[in-house]
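Following: one structure in structure tokens, then a few remarks.
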Amino acid sequence: MRRVSDDPMDRSRFLVDTWRLTETKPSDHDQDVTETLFAVGNGYLGMRGNPDEGGGGTTPGTFANGFHETWPISHAEDAFGFARTGQTIVTLPDSTAMQISVDGEALRLANANLTAYERSLDFREGQLLRDITWRTSSGKRVRVRSSRMVSFTDRHLVLYETSITILDGNAKVAIASQIVNQQGDTNDEQTARDVQHSDPRRAPKFRDQVLQPVAHQASGGRMALCYRTAASKMTVAVAAEHSISTDGFFESELNVTEHQGMQRYLVETREDQPIVVRKAVAYHTAESASAAELMDHCANTLDRVTGQGFEPYWQDQRDWLAQYWRDADVQIGGKPEIQQAVRWCLFQLAQASARSEGQGIPAKGLTGSGYEGHYFWDTEIYLLPFLTYTNPQVARDVLRYRVRQLPKARERAKVMATDGALFPWRTINGEEASAYYPAGTAQFHIDADIAHAFTKYREVTGDTEFMYRQGAAVLAETARMWADLGFWRRDACGRDSFEIHRVTGPDEYTAVVNNNLYTNVMARANLREAASLMRELSQRDPDGYRRLAEELRLDDSEIDSWERCAEAMLVPFDDTLGVHPQDDAFLTAELWDLNEIPRDRFPLLLHYHPLVIYRMQVLKQADVVLALLLQGDQFSPEQKRADFEYYDPITTGDSTLSGAMQAIIAAEVG
């Protein structure tokens with residue numbers, strides 16, 4: 001595995017603080033990165049950390065989990081069963097814009113003369129905070145402090161506060177707070193589906209306007225806009241209400257058009273007299289709802305804020321996070337920079353999942369449109385284990401998303417000529433959205449990953465009721481898929497084994513293979529767990545089992561067959577090398593010395609044709625090593641060490657999913 005710096009942060013710019021991520025100098029050279037690092041969200045709603053003033057080079061984005069547009073996938077050479085409907089998370093109208101001018105001079109961060117600057121993402125306050133001092137061309141110093149909070153306790157609510165203080169003399173201050181549908185500008189990069197990026201991790205673009213205006217209004221000091229997506233017909237409404245506190249004379253003007261709402265203030269202020277503008281914003285989305293209904297929901301959200309003020313919501317945020325950290329904090333002594341990184345990761349996990357409520361967890365959370373907002377196996381294998389221990393309610397909500405999509409998984413299994421259910425490799429609405437099947441649909445292990453998450457959830461929480469009523473059908477249908485996908489084969493010595501051919505494991509640099517070890521081991525566990533659960537259910541809840549068996553047309557002979565398949569599952573071992581082959585042919589391929597590859601040629605998928613990669617012994621991410629972790633009791637300590645020492649040097653880590661799993665096994669084998 002390629003090594004990176006122990007601390008990749010520039011510590012002259014990003015301070016070490018175990019409870020905050022703090023930036024002391026702005027830069028327009030890496031705004032895409034910092035806007036992701038400083039994103040705020042709650043699992044339903046997410047906002048990138050773009051500066052309030054906007055400006056060139058920024059990539060503002062507000063996203064609602066599951067709110068997406070659909071589009072037909074075009075295949076250069078088509079075939080039966082290819083994914084048909086693409087799904088891409090949609091950028092919602094942006095409410096972060098707060099433009100400030102002093103004596104006619106606009107604050108623009110890129111060229112402002114800043115005498116002080118600090119931006120912090122506070123893990124205990126749950127807010128993005130910024131405090132700057134700006135010297136205008138006339139020499140006046142202006143202090144601007146702002147906060148941005150996406151509420152954990154009211155998932156539809158965003159609160160902004162901006163304080164402006166003239167430190168030298170009097171001034172006229174103009175403030176323009178906006179909600180902007182950036183897709184209203186047909187030149188915007190988000191509104192044109194052009195040629196797709198060569199980087200498959202980035203979301204493609206839309207050629208046509210996605211958010212179609214349905215309604216807009218200004219009433220009682222509030223602005224509201226409502227849109228419906230062009231193809232998926234989902235609806236979003238956003239509304240905002242402002243208040244201003246100042247000792248100076250001010251004028252106020254509110255304007256709303258189809259694609260923009262703007263609240264303007266013109267204030268005559270004196271030295272050291274702060275101007276405080278508060279903006280409460282509500283976002284509501286639905287798969288099918290009228291504009292009037294969603295705008296009413298927005299109004300109700302804002303009414304609660306009007307009645308209570310901001311302070312109770314800020315306190316609720318602190319209280320929610322205090323409980324979260326009591327349950328979830330991981331403390332590391334003597335390494336404050338690592339402690340900071342761990343807490344940032346845990347905070348991001350909360351922001352990506354806490355209020356998902358019926359949806360999955362997008363691969364990039366709600367920090368941007370990467371991977372198009374899709375749900376992958378990441379959720380079940382990399383995120384749910386932690387949530388299951390620390391926040392089982394959220395884990396259960398995420399698992400319910402898979403239950404809800406079970407009918408579509410059954411339909412997909414039929415398309416793929418298998419029994420049971422086959423969950424899509426990447427999706428939002430439950431339909432397969434992976435256009436490149438060798439590294440997508442061929443990853444049948446997604447079924448075993450989901451079954452594994454249900455099983456671990458039950459083991460940890462003891463939530464038998466959920467498992468019996470909802471998880472049992474998922475385990476049964478995924479086991480049924482494996483029993484049909486695999487086949488029985490007799491070797492030269494007359495031994496029968498159950499094998500699974502033409503699948504892709506977690507390592508996407510080796511595709512469409514026979515007997516991928518991870519797949520076989522996880523499928524075996526899926527079959528065993530399903531059979532065990534069915535027998536338990538039949539004993540403990542005979543009526544519940546009878547209903548399930550009737551629904552699935554399940555009988556004892558089929559359950560017996562799952563056990564036979566599991567016990568005979570081929571788990572190959574190479575006696576010469578003393579390791580488990582990643583698949584039947586992997587060890588016969590040419591080794592690729594990663595030390596000979598220039599650093600600028602990583603990740604390999606962006607610089608080499610897939611066939612070049614496929615013919616080599618090289619891994620994108622942990623595969624056999626991941627099996628050692630998830631099914632650790634199936635391997636001896638000696639096997640784990642040998643497998644780790646063989647595969648670690650040829651693992652590129654081109655997927656960020658890899659390092660953590662390698663590190664865990666490295667710690668275990670010593």
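Only the coordinates and a few stated rules stand behind these numbers; no lab work does. Small disclaimer: the values here were computed from a predicted structure and weren't measured. We place every Cβ from the backbone using ideal geometry, glycine too, and count neighbours over all the protein chains shown.
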Task: Footprinting exposure proxy for L611, L527, L604 (fewest neighbouring C-beta atoms within 10 Å first) - done: L611, L604, L527
Task: Proxy reagent accessibility, fewest Cβ within 10 Å first, across S219, S369 - done: S219, S369
TODO: Apply the Debye scattering formula to segment 573-670, with a single equal point scatterer on each alpha-carbon and no solvent, then give log10 I(q)/I(0) at q = 0.12, 0.13, 0.20, 0.25 Å⁻¹.
DONE: -0.39, -0.45, -1.03, -1.42
Task: Relative contact order [Cα under 8 Å, 6+ residues apart], the chain, whole percent - done: 11
TODO: May I ask for the angle, rounded to the nearest 10°, between helix 658-669 and the longest principal axis of the chain, with both axes built from Cα atoms and the value confined to 0 to 90°?
DONE: 60
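When the helix-only estimate is applied to the chain (DSSP H runs of n ≥ 4, each -39,500 (n - 2.57), divided by the residue count), what is the mean residue ellipticity at 222 nm, nearest 500 deg cm²/dmol? Display every interim value, and only then the final one.
Values: 16 runs with 204 residues, N = 670.
Result for the chain, helices only: -9500 deg cm²/dmol.
Size of the dipole of the chain about the Cα centre, Lys and Arg at +1 and Asp and Glu at -1 on the beta carbon, nothing else charged, in debye to 20? Present the calculation step by step, with values, prior to reporting the outcome.
Values: 70 positive and 97 negative charges, 182 e Å.
Using Cβ point charges on Lys, Arg, Asp and Glu, the chain gives about 880 debye.
Among D575, D103, which comes first, second and so on when ranked by fewest other beta-carbon atoms within 10 Å? Write down the numbers at each step before the final one.
Values: D575 6, D103 16.
In order of increasing Cβ crowding within 10 Å: D575, D103.
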TODO: Specify the angular offset, from 0 to 90 degrees and rounded to the nearest 10, of the alpha carbon long axis of helix 517-540 from the longest principal axis of the alpha carbons in the chain.
DONE: 90
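Can you bin the chain into rounded, prolate or oblate? Criterion: square roots of the alpha carbon gyration tensor eigenvalues sorted a ≥ b ≥ c, rounded for a/c under 1.5, prolate for a/b above b/c, oblate for the rest. If you can, show how the numbers build up before the last one.
Working: a/c = 2.10, a/b = 1.74, b/c = 1.21.
Since a/c reaches 1.5 and a/b is larger than b/c, the shape of the chain is classed as prolate.
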Task: Point-to-point label distance, T588-D316, nm (Cα→Cβ direction, 7 Å offset) - done: 6.3
- [ ] Please go through segment 498-534 and write out the trypsin sites (Lys or Arg not before Pro) that DSSP classes as loop and that have at most 14 other C-beta atoms within 10 Å.
- [x] R502
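Just to confirm the filter: which trypsin sites (Lys or Arg not before Pro) across segment 466-499 are DSSP coil and have at most 10 other Cβ within 10 angstrom of their Cβ? Can you show the working numbers first?
On the way: sites: R469, R480, R489, R490, R495; in loops: R495.
When the trypsin sites (Lys or Arg not before Pro) of segment 466-499 are filtered for loop state and at most 10 Cβ neighbours within 10 Å, R495 remain.
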- [ ] Would you mind counting up the charge near V277? Only other residues with Cβ under 12 Å from its Cβ, with Lys and Arg at +1 and Asp and Glu at -1.
- [x] +1
Task: DSSP-loop chymotrypsin sites (Phe, Trp or Tyr not before Pro) across segment 78-140, with at most 12 other Cβ within 10 angstrom - done: F80
Task: C-alpha long axis of helix 445-461 to longest principal axis of the chain, angle in ° - done: 80
Task: Pairs of lysines in the chain (C-alpha under 20 Å apart; 8 or more residues apart or interchain) - done: 6
